[in-house]
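I have placed the structure first, in the form of structure tokens, so that the comments after it can refer back to it.
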Amino acid sequence: MGPGDGGTYDPGMEQTWSAEVVEHHRLRNDLAVVRLVGDVVPFRPGQYVDVAVPQQPQLLRRLSPALPPSRDGKLEFHVRAVPGGSVSRRIVEDTSVGDVWEIHQPRGTMTIDPDGPDVVLVAGGTGLAPFRAMLLDLARQDNPPKVFLFIGGQFPRDLYAADMLYLLLGHLPWLTVVPVVESLTDPEPRDPWFDQLGVDVGFGDADLVEGNLADVVTSYGAFIEQQVLVCGSAAMVRATTTALRGTGTPAENIQHDPY
Ligand SMILES: Cc1cc2nc3c(=O)[nH]c(=O)nc-3n(C[C@H](O)[C@H](O)[C@H](O)COP(=O)(O)OP(=O)(O)OC[C@H]3O[C@@H](n4cnc5c(N)ncnc54)[C@H](O)[C@@H]3O)c2cc1C
């Protein structure tokens, strides 16, 4: 098993980069945004990197930068703690400013052709992270294609970046965001991390589409011309790509990265 397999770290000759945590922003009980500054990592927006964190330095985990590459070495990651996970829960709960992360070789082939046809992005949970990097990169282009971003969660509070996307909509006239939740009501118990944020911008109840993400996306018909990118858990990617193909979107139009 080697770096990139998401398993035990076997140090080799591969180049690594390091970056220091400058902000750990706990947005939900199970989710944090981690911002770092360090070496300039040569990735393309939409790629992922293997990361070693000080809590579990021998266990590499794949994370997708949520910012495009920056010349001053800024990095941002969105991390959701998975139940029983060895590393993700530690990142969400125990990350401190000053921690140094080791970043390994960027990988992944998801890409948007900025001169190509309209784009459909389908994100489940932190599958939004690479799309956020891609959107900010497209915003640097003169004449980007239209982008339709579907973001999915089980409950409204799962849409952890809804406020950021809502603000982005005001600046990017080529962007449409469709927030999809399986239930319009957040469950009990409440999430104290969410409550203490006191978020006052974002999508209203009327903006939220209730339903299954794959069903909602495919209700728009087949994406014959569009560039379609899907990112999220393995189950979400499988369900979405199957539904897309089943409703007539050509397989060659679809790119995906399962978590
Ligand atoms: C290409 C790629 C990009 C990724 N980018 C991100 C990212 O930007 N942000 C992010 O938070 N995560 C991302 N992931 C997922 C991440 O790499 C880890 O797999 C995840 O954080 C779990 O690691 P862990 O050590 O906590 O769990 P592990 O100790 O590896 O697994 C513990 C248990 O959790 C289950 N499990 C593992 N992953 C998941 C999951 N995603 N959903 C539900 N159960 C799971 C396992 O089956 C196992 O039972 C990405 C994965 C891939 C493949």
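Considering each of P106, P187, P144 in turn, give the residue that is free of Cβ contacts under 8 Å to residues at least 60 places away in the same chain and either within 25 Å of Y220 (Cα to Cα) or within 16 Å of the ligand (Cβ to nearest atom) (or both).
On the way: P106 fails: free of Cβ contacts under 8 Å to residues at least 60 places away in the same chain; P187 fails: either within 25 Å of Y220 (Cα to Cα) or within 16 Å of the ligand (Cβ to nearest atom) (or both).
Matching residue, one of P106, P187, P144: P144.
Condition check for V230 on (1) over 25 Å from R61 (Cα atoms); (2) part of a strand (DSSP E or B); (3) within 16 Å of the ligand (Cβ to nearest atom): one failure, at (1). Could we say that D99 is modelled with pLDDT of 95 or more, more than 10 Å from the ligand (Cβ to nearest atom) and outside the structural domain of S233 (by TED's automatic domain parsing) here? So D99 passes the test. Run down R35, R44, R26 and say which single residue is closer than 21 Å to D158 by Cβ, at pLDDT 95 or above and surrounded by fewer than 21 Cβ atoms within 10 Å (Cβ to Cβ). Of R35, R44, R26, the one residue that is closer than 21 Å to D158 by Cβ, at pLDDT 95 or above and surrounded by fewer than 21 Cβ atoms within 10 Å (Cβ to Cβ) is R26.
If we scan segment 179-200, do we find a residue that is within 16 Å of the chain's Cα centre (by Cα) and in a loop (DSSP other than H, G, I, E, B)?
Pass one, segment 179-200, residues within 16 Å of the chain's Cα centre (by Cα): 179-180.
Then keep just the ones that are in a loop (DSSP other than H, G, I, E, B); that gives none.
Among the residues of segment 179-200, not one is within 16 Å of the chain's Cα centre (by Cα) and in a loop (DSSP other than H, G, I, E, B), which makes the answer no.
Total residues in segment 140-169 satisfying the condition of being in a loop (DSSP other than H, G, I, E, B) and surrounded by fewer than 17 Cβ atoms within 10 Å (Cβ to Cβ): the figure is 7.
Each residue in segment 33-49 was checked for being more than 23 Å from A161 (Cα to Cα) and either among the hydrophobic types (A, V, I, L, M, F, W, C) or within 12 Å of the ligand (Cβ to nearest atom) (or both), and 2 of them qualify.
Just one of the listed residues (E210, E225) is farther than 16 Å from V119 by Cα and in the same structural domain as F131 (by TED's automatic domain parsing), namely E210.
Listed by first and then second residue, the pairs with beta-carbon distance under 6 Å, at least 6 apart or on different chains, first residue in segment 74-93 and without any contact (Cβ under 8 Å) to a residue 60 or more places away in the chain, second in a loop (DSSP other than H, G, I, E, B) and within 6 Å of the ligand (Cβ to nearest atom), are S88/V82.
Within segment 90-114, restricting attention to residues that are part of a strand (DSSP E or B) and β-branched (V, I, T), which residue is surrounded by the most Cβ atoms within 10 Å (Cβ to Cβ)? Even if it seems obvious, please write down each step before you answer.
So in segment 90-114, the residues part of a strand (DSSP E or B) come out as 100-107.
Adding the requirement that they be β-branched (V, I, T) leaves 100, 103.
Details: V100: 14, I103: 23.
Per the stated criteria, the residue is I103.
Residues of segment 50-61 that are of a type in the set (A, V, I, L, M), in a loop (DSSP other than H, G, I, E, B) and within 9 Å of the ligand (Cβ to nearest atom): L60 alone. Does V82 satisfy the condition of being closer than 24 Å to Q55 by Cβ, within 15 Å of the ligand (Cβ to nearest atom), among the β-branched types (V, I, T) and surrounded by fewer than 21 Cβ atoms within 10 Å (Cβ to Cβ)? For V82, the condition - closer than 24 Å to Q55 by Cβ, within 15 Å of the ligand (Cβ to nearest atom), among the β-branched types (V, I, T) and surrounded by fewer than 21 Cβ atoms within 10 Å (Cβ to Cβ) - is met.
Across segment 38-65, the number of residues qualifying as over 16 Å from V92 (Cα atoms) and of a type in the set (K, R) comes to 1.
The values are calculated or read from the model by the stated rules, or taken from the named source; none is laboratory data. All figures in this text were calculated on a predicted structure; none of them were measured in a lab. For neighbour counting, all protein chains shown are included, and Cβ atoms are generated from backbone atoms with ideal geometry for every residue, glycine included.
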